[in-house]
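Read-outs throughout are calculated quantities, based only on the coordinates presented, and are distinct from any laboratory measurement. Source: prediction; values computed, not measured. FYI the Cβ positions are ideal-geometry reconstructions off the backbone, even for glycines, and counts take in every protein chain you see.
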4 protein chains.
Amino acid sequence: MSAPSPTETERSARGVLLVSCLDQPGIVAAVSSLVYGGGGNIVDLQQHTDPVDGAFFQRVEFELDQFRFDRVELAEQLKPLIARFDMRCQVRFTDEVPRVAILVSREAHCLQDLLARWRLGELPADIRLVISNHPDHAELVSSFDVAYEHHPVTPQTRADQERVISTSLADADVDMVVLARYMQILSPGFVAPWEGRIINIHHSFLPAFQGARPYHQAHGRGVKLIGVTAHYVTADLDEGPIIDQDVTRVSHRDDVEALRRRGRDLEVIVLARAVRAHLEHRVLIHGNRTIVFDG
Amino acid sequence: MSAPSPTETERSARGVLLVSCLDQPGIVAAVSSLVYGGGGNIVDLQQHTDPVDGAFFQRVEFELDQFRFDRVELAEQLKPLIARFDMRCQVRFTDEVPRVAILVSREAHCLQDLLARWRLGELPADIRLVISNHPDHAELVSSFDVAYEHHPVTPQTRADQERVISTSLADADVDMVVLARYMQILSPGFVAPWEGRIINIHHSFLPAFQGARPYHQAHGRGVKLIGVTAHYVTADLDEGPIIDQDVTRVSHRDDVEALRRRGRDLEVIVLARAVRAHLEHRVLIHGNRTIVFDG
Amino acid sequence: MSAPSPTETERSARGVLLVSCLDQPGIVAAVSSLVYGGGGNIVDLQQHTDPVDGAFFQRVEFELDQFRFDRVELAEQLKPLIARFDMRCQVRFTDEVPRVAILVSREAHCLQDLLARWRLGELPADIRLVISNHPDHAELVSSFDVAYEHHPVTPQTRADQERVISTSLADADVDMVVLARYMQILSPGFVAPWEGRIINIHHSFLPAFQGARPYHQAHGRGVKLIGVTAHYVTADLDEGPIIDQDVTRVSHRDDVEALRRRGRDLEVIVLARAVRAHLEHRVLIHGNRTIVFDG
Amino acid sequence: MSAPSPTETERSARGVLLVSCLDQPGIVAAVSSLVYGGGGNIVDLQQHTDPVDGAFFQRVEFELDQFRFDRVELAEQLKPLIARFDMRCQVRFTDEVPRVAILVSREAHCLQDLLARWRLGELPADIRLVISNHPDHAELVSSFDVAYEHHPVTPQTRADQERVISTSLADADVDMVVLARYMQILSPGFVAPWEGRIINIHHSFLPAFQGARPYHQAHGRGVKLIGVTAHYVTADLDEGPIIDQDVTRVSHRDDVEALRRRGRDLEVIVLARAVRAHLEHRVLIHGNRTIVFDG
């Protein structure tokens, strides 16, 4: 975590608790009483109970202005609740801005969009690093004062290239990775340490058209809508938990090139929404599904 | 309130608290502690704080199975909180099903849709009565075992007709009125006692195209989308708090008749969504705006 | 074909030519000159050329008021063009209204919607017959003055039941079959004679979630949109040419029952749009894809 | 007109005829026969007849490869048809790329998007010039090798500033002007010579929320969708012919800042769609409405 982006609008810092456990009476009362007891004013509380397996999820956002507990003390205060409800609890603070790396291949529309939103203050992130297997985006990225690394890859050098990237991510102390149209398949070994912190944009409405060339597949099947999917990356290609999806109408008039053009607008928007939700600590993963609280 | 509709799916009854007051620390903790103290399990909690005027809104839904307070006792328990936070608090129980009257003119698509959804169990309502200024819908309505009253109206008899309708609504002990394409303008005197409990569907994307013949207006202006709006009725025509809206794409190919046809599908869906939100106690009115909690 | 539905609005009859062949210069000029030569005024002309295989498709709609050729003569006039361009040409007249049969199982929402639209004059059809493997819809269907046949089916009696249905369709001289949530899998032998004239609504965004219980599949995968697909039925289950699709947003709050409820609204609208497009002679099949001209 | 943008994909040049006149038999046959007579292959033909006033509109796109008429000869050939049908006919060639100027104020998202699409080859334009009343975008614009002029304005200097801009547009021999969030009101005298060639993006769903600060107006009214409108600019503010519109869902959670953020995504996409339609010669103006042929 690091200092906020320069354009981040002024607003007092907030704490966010992300809680999950088995549903049982008293959780809401206990958590909200703890926050209130510390002098925190809850500005947003959302919860969800899965009716199938009885899992309980909660997000509590509260102002830190009058909050008496520092971060260590808050952790201490949470311990009895964590024990009582056997719950997992992530604690986040909005003045600790996640450090982000973006991986990209040849097509730059998602990269450019994320950088532009970041400059506008839409993304509470510290974009530290852009890595590509192509040299093309050096000038664009440096115009945003972000580091750019070019790590080419061939089928033979994949393992080496992944090792180099992993080192770069570690050196930059990155909290989150965004695959902004990075067209190389990442090995399970690369992905594992980033579980729940690496987001990809796939250019189809998953689970339809997994794998390569989804716009060609969509054209071949004659669908009347095309879609895109932002999801967490797991070891299983295109099978990770879905964060967001959207579609747009197409017709027999649209060839593959037109699908690609229409799809680009979707890719940009859906990836940005998913990344923003993650950065705002609004996403919880539950098996292969996500709870995305409203922003 | 009365017994649930025959198709209502079996589920244990729930209590719903709808709270509004000025934002201040401790509300969530106090309300959730009260519910927990009574043995209630909160299954859904949503809140909203208006950043402009600092108004606080909360909806708490909890299971009644293990709840120890009866309705009188719950009211008693809430009194200190109401005093402490100077809050308004509506208390609802899902086994007390609102009694509903539908007013309709010549076009029956919204009426038919509401009745069909009700039969499918989508609407937690007791539809008691359909009133029309046309005789046409008697057979349709009676096939759903609902009473039908035909009260014709002319410009000269408006006041009398409204009096007759008011009496019918009172006799049927109705909790809520739905204007399902009722094309007569209701007087402020008629509307006043139903404030916050009478919903209209207007066939435009308000505030565009208020008043008469909105599809003609839309065609004349050459818009590329048409919309509809479900809103609470107030003394000011088409100015009441908006509950839901939606649009659909149109083109130069669509004449007024085509707009009407495309619009019907929207009217049906948006009115049903708004009525359902109201019946599920998910809507709070705040000045001329609404907070609609997720369903 | 038979007389128009009673509510069909008055408009002078029109001819429709649906042409397909290999793209080559002169087709538009030749066809439009033929219509003009007969005194017909073209009110709508749409064409499409597939850039991949060079297939050409055209729909020409023209007023018959001043048209000098009767139906036999028009066929005669078209013969040289058909030979010259090696083209297929369907000839339709809007005063010959297709006879339609609807097959339905237990859920009646699509059936009811189609009947209601038909009564409103939205569907240029002669709905002759509703067939179901359940007895439930007799009263509903007869209230629209349409014949209702109940043909129950078990895994053992499938072939017999299909034979009975085939006979009923033949006896009623049906032009088109609509599967309005008919939940039995039809054998290739049953489907074959109806190729290009039998439309199904599948409750998923095909090709995602083919087969049984798509809402369960969608919930299991954690998608953020659910969809439906109207398509021509072929021997391959859920693989036929897609006519129309649509989606709606869902969230982690929606259980399977909620997906079903949200999906019903989509099913109704998308099936109606597809059936309407077919009845208005706006659909051409090209391999496993469709050209759907604007309505 | 000038040479195509460097990224324009290779495709043989095409001619486009945009025809409007009173509806009468024989137009389609006459125009298509003329094209065929010159050896042109029609690749797209769309027409529209307004049922209210009987106006006829047609767009014919044909390949120029085998076309025997040069541009002068084509004009000559069209003369008898223009006389016969009393029609207006615009003739366009896709290898003559319109020269475009973009006007912008402080917010750069639409400007940046148009430039990025142009570089990707999505816009068949020659972007010659960007003019702003703010100095901020010089670096961005020059990174696309486009000229940038900064012409500040105050209420006192408006007339002078408009004169300077008019001269710049004339000097650059511009065919079309795009107001990409240019927040100054242009005088009727400035607009007049650009009638039908100057497109604005207004950040509301017109005709709702005309004038200043539409997102504030939308928030105040409590709408559940916000929209944007791309339209030709006329002397009447926000009253010109609408080319495209779109909306996105909002809720009580969204303050004005959130509406602005959500709106930006719409503004970018709808303006780009409208500009693209204009550049592809797919828009005809009919009174205060547009016919936008499919792209």
Exercise. Got the relative contact order for the stretch C:1-126 handy, in percent, Cα pairs under 8 Å and 6 or more residues apart?
Worked result: 40
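Quick one: C:L22, A:L206, fewest Cβ neighbours within 10 Å first, how do they rank?
C:L22, A:L206
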Problem set entry | chain C: relative contact order in percent, alpha carbon pairs under 8 Å with at least 6 residues between | 16
For this session: Rank these for me by crowding, A:R68, A:R92, going from fewest to most other beta carbons within 10 Å.
Result: A:R68, A:R92
Problem set entry | Shielding by partners, peptide A:267-277 (average Cβ within 10 angstrom, other chains) | 1
For this session: Within 10 Å, count the other beta carbons around each residue, average over each peptide in D:104-116, D:133-145, and list them highest first.
Result: D:104-116, D:133-145
For this session: Shielding by partners for A:16-29, please: the mean number of other protein chain Cβ atoms within 10 Å of each residue's Cβ.
Result: 4
Problem set entry | Teacher prompt: C:D136 distances to equivalent labels in other copies, 7 Å Cα→Cβ, nm | 2.9, 5.5, 5.9
For this session: Starting from a label point 7 Å past Cα on the Cβ side, list the distances from A:R158 to the same position in the other copies, nm, shortest first.
Result: 4.2, 6.3, 7.5
Seminar exercise, completed: Checking A:G220, A:G38, A:G211 against a Gaussian network model of chain A (alpha-carbon springs below 10 Å), the top fluctuating residue turns out to be A:G220
Exercise. Other chains' Cβ within 10 Å of C:283-292 residues: what's the mean?
Worked result: 3
Problem set entry | Sequence-separation-based contact order of the stretch B:150-257, relative, with Cα cut under 8 Å and 6+ spacing, percent | 22
For this session: May I ask you to list the lysines whose Cα is less than 26 Å away from that of D:K224, ignoring any residue fewer than eight positions away on the same chain?
Result: B:K224, C:K224
Exercise. Taking the axis that carries chain C onto chain A, what is the nearest Cβ in chain C, and at how many Å, to the whole number?
Worked result: C:A208, 2
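Looking at the stretch D:99-292 only, what percent of DSSP beta bridges run antiparallel? Nearest 5 please.
On the way: 15 of 32 bridges.
In the stretch D:99-292, approximately 45 percent of DSSP beta bridges are antiparallel ones.
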Exercise. So for the protein assembly as shown, what are the equivalent ellipsoid semi-axes in whole Å, largest first, each being the square root of 5 times an eigenvalue of the Cα gyration tensor?
Worked result: 47, 41, 31
For this session: Give me the distance between the Cα centres of the stretch B:249-295 and the stretch B:169-235, rounded to whole Å.
Result: 11
Exercise. Which stretch or stretches of the stretch B:266-295 have amide N atoms under 16 Å from the point lying 7 Å from B:R197's Cα along the Cα→Cβ direction?
Worked result: B:278-285
